[in-house]
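The values are calculated or read from the model by the stated rules, or taken from the named source; none is laboratory data. The structure presented is a predicted model; accordingly, all values stated were derived computationally and were not measured. Please note: Cβ atoms are built from the backbone with ideal geometry, for glycine as well, and neighbour counts cover all protein chains shown.
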Amino acid sequence: MSSLSPSQLTYQLNYIPIVGFSASCVKSFFLVIIPTYFHSFSTLQAGPVSHFSMQYSKCFALLSFVSGAVAQQCTLQFDGRIPVGTEVEAFDANNNIFNPKNVVGAGLTFSQVLQLPNENSSPFDGNDNVPLAVAISDQSIFNNQTSFRRAELIPASNSGTDASTTGIKTLHFSIQKDAQRPLNLSHEYQMAFLESNDFSTNQVVLKAGTILGGDPNADPDTLTLFGNVNTKPAPPVLFSTSFTEGVVHNFAVTLNFDANTAQVFYSTDNNDLEAQGDVQVNNVTGQGQYHFGLLKKPVGGQGDITKNGFQPAGIDEAVIYSGVFQEDSANGCISLAP
């Protein structure tokens with residue numbers, strides 16, 4: 001079709017019955033999609049429109065009026081969702097979902113620490129995928145880190161230097177409590193994080209429990225998403241919310257590895273994701289690997305807390321994950337609903 005000037009297009013749009021779209025979606029159309037029709041997304045720089053340049057994929061349905069194209073679908077970088085019918089033994093061998101070797105306690109296999117619970121899951125799982133519980137025990141000692149208890153899943157394609165840590169990517173995951181195997185909130189837990197390829201930092205990390213070096217009066221039953229843990233004087237808090245039992249907590253984090261920024265989206269249960277504030281500055285250099293599981297830190301540790309500190313006996317704790325995947329957001333595509 002022939003091109004229209006912005007003024008002509010805006011005039012014509014005044015007479016379109018845009019039914020079923022939120023005000024924010026229509027606003028995104030005028031502030032993002034129309035400019036993008038005349039200028040490539042690659043020309044957009046951080047500035048007044050940067051908050052809108054990473055907009056919601058379902059809003060792109062409006063673009064069909066301009067180009068005749070169907071609504072845009074985000075390209076996946078990796079997919080960690082668990083298809084119906086999968087057995088936990090599948091994760092003991094090479095598979096296309098998660099690394100079969102890391103991170104699990106010495107002498108253990110993933111089939112010994114994973115379960116397929118009959119629970120609700122991420123709305124992005126739909127009817128084709130199921131949630132996965134990741135558990136730790138007294139035997140969950142990885143790589144001689146005797147004061148940690150660890151069991152974490154790493155996407156199979158995530159080598160540490162792959163494309164999941166370049167450009168602009170949006171990481172999705174959902175998490176919920178395992179009511180049968182509760183956490184000991186007197187300890188700190190890392191439950192989803194990006195660890196740099198040289199193991200020197202976590203560029204983004206979701207924590208719960210009693211945070212080491214944190215506010216002693218803070219509620220430990222809180223999910224807190226921190227930015228780069230090496231940030232001085234303290235890591236930035238990107239988002240926090242109560243870790244409510246019986247609720248599926250849905251996260252999406254857009255990481256701009258070129259501009260060193262992060263933006264958080266969040267919802268509960270089957271609700272659409274919503275932006276939790278604007279884009280925030282956060283150092284995400286260093287590439288690395290994404291971890292989904294439990295890293296339980298000790299209490300009372302001094303110096304190297306991987307080997308110094310107290311862990312109780314009889315640990316049987318778990319959390320439940322679902323809807324794990326990453327999409328390429330270089331063209332502004334972010335999925336806020338299935």
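Given the residues PRO233, PRO220, which is the only one that is without any contact (Cβ under 8 Å) to a residue 40 or more places away in the chain, more than 27 Å from LEU116 (Cβ to Cβ) and surrounded by 16 or more Cβ atoms within 10 Å (Cβ to Cβ)?
PRO220
Pick from the stretch 216-244 the residues that are of a type in the set (A, V, I, L, M) and not in a loop (DSSP other than H, G, I, E, B): which of them is nearest to GLN276 (Cα to Cα)?
Step one: list which residues in the stretch 216-244 are of a type in the set (A, V, I, L, M), which gives 218, 223, 225, 229, 234, 237-238.
Then keep just the ones that are not in a loop (DSSP other than H, G, I, E, B); that gives 223, 225, 237-238.
Values: LEU223: 14, LEU225: 12, VAL237: 12, LEU238: 9 Å.
Taking the candidates together, the pick is LEU238.
Kindly indicate whether any position in the stretch 122-129 is closer than 19 Å to LEU294 by Cβ, modelled with pLDDT of 95 or more, outside any strand (DSSP E or B) and assigned by TED's automatic domain parsing to the domain that holds PHE148.
Start the filter on the stretch 122-129 by keeping residues that are closer than 19 Å to LEU294 by Cβ, which leaves 122.
From what is left, the residues that are modelled with pLDDT of 95 or more are 122.
After this cut, where a residue has to be outside any strand (DSSP E or B) as well, the list is 122.
Subset that is assigned by TED's automatic domain parsing to the domain that holds PHE148: 122.
Yes, the conditions are met somewhere in the stretch 122-129.
Residue-by-condition table, conditions (1) farther than 25 Å from ALA133 by Cβ; (2) surrounded by fewer than 22 Cβ atoms within 10 Å (Cβ to Cβ); (3) free of Cβ contacts under 8 Å to residues at least 24 places away in the same chain; (4) not assigned by TED's automatic domain parsing to the domain that holds GLY323:
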{"site": "ALA208", "(1), (2), (3), (4)": "no, no, no, no"}
{"site": "VAL229", "(1), (2), (3), (4)": "yes, yes, no, no"}
{"site": "ASN250", "(1), (2), (3), (4)": "no, no, no, no"}
{"site": "ASN270", "(1), (2), (3), (4)": "no, yes, no, no"}
Output the residue which, of all residues in the stretch 278-305 that are under 27 Å from LYS101 (Cβ atoms) and among the polar types (S, T, N, Q), is surrounded by the fewest Cβ atoms within 10 Å (Cβ to Cβ).
THR285
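Which of the residues belonging to the stretch 133-156 are farther than 18 Å from PHE199 by Cα and in contact with a Phe, Trp or Tyr (Cβ under 7 Å, 6 or more places away or on another chain)?
As a first pass, look at the stretch 133-156 and keep what is farther than 18 Å from PHE199 by Cα: 133-140, 156.
Residues satisfying the conditions are VAL134, ALA156.
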Out of all the residues in the stretch 184-197, is one or more surrounded by fewer than 22 Cβ atoms within 10 Å (Cβ to Cβ), in contact with a strand residue (DSSP E or B) (Cβ under 7 Å, 6 or more places away or on another chain) and more than 20 Å from PRO312 (Cα to Cα)?
yes
Criterion first (buried (at least 22 other Cβ atoms within 10 Å of the Cβ) and on the phi > 0 side of the Ramachandran plot) does GLY314 satisfy it?
no
Conditions (1) surrounded by 21 or more Cβ atoms within 10 Å (Cβ to Cβ); (2) within 27 Å of ASP92 (Cβ to Cβ) -> ASP162 fails only (1)
